[in-house]
Amino acid sequence: MTAGGLGGDRPEGRVLILLYHRVATLKSDPWGLAVTPGRLAEHLEVLREYTTPMKLGDLSVALRDGRVPDRCVVVTFDDGYLDNLRNAKPLLEHHRVPATVFVASGFIGDRREFWWDELDRLLLQPGELPRNLQLSVDGTTYNWELGEAAGYTVEKFRSHRGWKAWKESQTPRHELYTSLYELLRPLDAPQRRRKLAEVRRWRVDAPGLRPRHRPLSVEEIRTLHRGGLVEIGAHTVSHPLLADLPVALQRREIFESKSHLEQILGHPVGSFAYPYGKPQDYTAESVDLVRQAGFACACSTFVGLVRRSSDPFQLPRVRVRNVGGERLEKQLGRWFED
């Protein structure tokens, strides 16, 4: 690879938007959301050496003007975790790499974890669950038989801590986690809260809340944004599966997230990211609502490079895993040549 440069308005301009979520060292991470602070430091060194980091806001302006710089990279984080402030921002400042953090506004200031993390805490951490479990969702009753997996020792937890939810289940606990995740994901926020409360009652010995897993507070969002290196974007209110919502509810999720964040920051919020973000996770109406809300651009999670012909309201991104800097450097070379 050669060192990056803006490349003017070359028609072959290519920009890569990188997708992160968390910067933390976790005991378990079923969705692979975290990179460790050490790995992120390596990543930022590679980006500085081999590409030109740029702001998402600057990319949206370039797209509007019909030109795209070449071999540039935009760094983004989804959801709005506390560790984006505590662990990511100092590294971004040290390496002078801008970023955008997409915040799901309905979780701001919540002392609880995001619902997918709470499922991990309740189901995949050591402790006891009933041998037979039952949950009714949308009129259908689901049953699970845990057998010996009702008891989950520290030793069993440690032996399976590297399991990922997109891989084959290793125990009935993992099967339960993935089943519940798929059942809860399409629910609206009130329904999901009620069902999660039922799941919570399964664990009489549930481990306590994990403060490091919580979302950002209002003041923490302002601190994260202070200095201008980190932009704040919207990520809906309750992180729903937009494709499963009627248009009226989609509108509320999109418009209210923008309004809430603008009240916190005191200035317009110009970027948006679709929750989950695959093409089947949102609709043409979702895209139109984002445009109507006044956003300048929106990010998806389908893989690709941003080019001059890209739709600014369906920008592709590439998910970054917890890999070393040398491996990321090789991946950048492949991504830019695709």
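Since every read-out is calculated from the coordinates, none of them should be taken as a lab result. Bear in mind the structure is a predicted one, so any value in this text is a computation, not a measurement. Counting neighbours? That spans all protein chains shown, and the Cβs are built from the backbone with ideal geometry, glycine included.
Add +1 for every Lys or Arg and -1 for every Asp or Glu among the other residues with Cβ under 9 Å from the Cβ of PHE114, and state the total.
-3
Round to the nearest 0.05 the FRET efficiency obtained for SER259 and GLU337 when R0 = 56 Å and r is the Cβ-Cβ distance.
Using R0 = 56 Å, I get an efficiency of 0.85.
Using a 10 angstrom cutoff on alpha carbons, build the Gaussian network for the chain and name the most mobile of ALA273, ALA298, ALA189.
Looking only at ALA273, ALA298, ALA189, the biggest GNM fluctuation is shown by ALA189.
With 20 Å as the limit, write out which pairs from LYS27/LYS164; LYS55/LYS164; LYS27/LYS167; LYS55/LYS89 have Cα-Cα distances beyond it, or answer none.
LYS55/LYS164
Counting only residues 5 or more places away or on other chains, whose amide H sits under 5 Å from the amide H of PHE295 once H atoms are built in the peptide plane?
Here nothing satisfies the definition.
With a point put 7 Å past each Cα toward its Cβ, work out how far ALA248 is from VAL323 in nm, to one decimal.
4.7
Could you give the angle, 0 to 90 degrees to the nearest 10, between helix 37-50's Cα long axis and the longest principal axis of the Cα atoms of the chain?
Once rounded, one gets 20 degrees.
Given the options VAL204, VAL23, VAL74, state which has the largest fluctuation in a GNM of the chain using a 10 Å cut-off (strictly under) for Cα springs.
VAL204
Excluding THR153 itself, what net charge comes from residues whose Cβ is under 12 Å from its Cβ, given Lys and Arg +1 and Asp and Glu -1?
On the way: positive: LYS156, ARG158, ARG173; negative: GLU128, GLU148, GLU155.
My count for the surroundings of THR153 gives 0.
What residues have an amide H closer than 5 Å to that of GLU231, excluding those fewer than 5 places away on the same chain, when H is modeled at 1.01 Å from N in the peptide plane?
Result for GLU231 returns ALA99, THR100, VAL101.
Can you compute 3J(HN,Hα) from phi for each residue in the range 275-291, using the Karplus curve 6.51 cos²θ - 1.76 cosθ + 1.60 with θ = phi - 60°, rounded to whole Hz and x for Gly and Pro?
Per residue, the Karplus-derived 3J(HN,Hα) values read x, 6, x, 6, x, 7, 8, 9, 10, 4, 5, 4, 4, 5, 5, 4, 5 Hz.
How high is the FRET efficiency between VAL137 and GLU285 when r is their beta carbon distance and R₀ equals 35 Å, given to the nearest 0.05?
FRET efficiency, VAL137 to GLU285: 0.90.
Can you tell which of GLY162, TRP115, PRO130 lies farthest toward the positive end of the dipole of the range 111-168, using +1 and -1 charges on the Cβ of basic and acidic side chains (Lys, Arg; Asp, Glu)?
Checking the options against the dipole of the range 111-168, the answer is GLY162.
Spelling out what I want: for every residue of the range 205-214, take phi, set θ = phi - 60°, compute 6.51 cos²θ - 1.76 cosθ + 1.60 (Karplus), and round to whole Hz; glycine and proline get x.
10, 4, x, x, 4, 9, x, 6, 8, 6
How far is helix 172-184 tilted off the main Cα axis of the chain, in degrees rounded to 10, range 0 to 90?
60
Amide H of LEU18: which non-local residues (sequence gap of 5 or more, or other chain) have their own amide H closer than 5 Å, using H built in the peptide plane?
HN-HN under 5 Å from LEU18: VAL74, VAL75, THR76, VAL318.
Can you tell me which of LEU124, LEU59, LEU146 moves the most in a GNM of the chain? Springs connect C-alpha atoms under 10 Å apart.
LEU146
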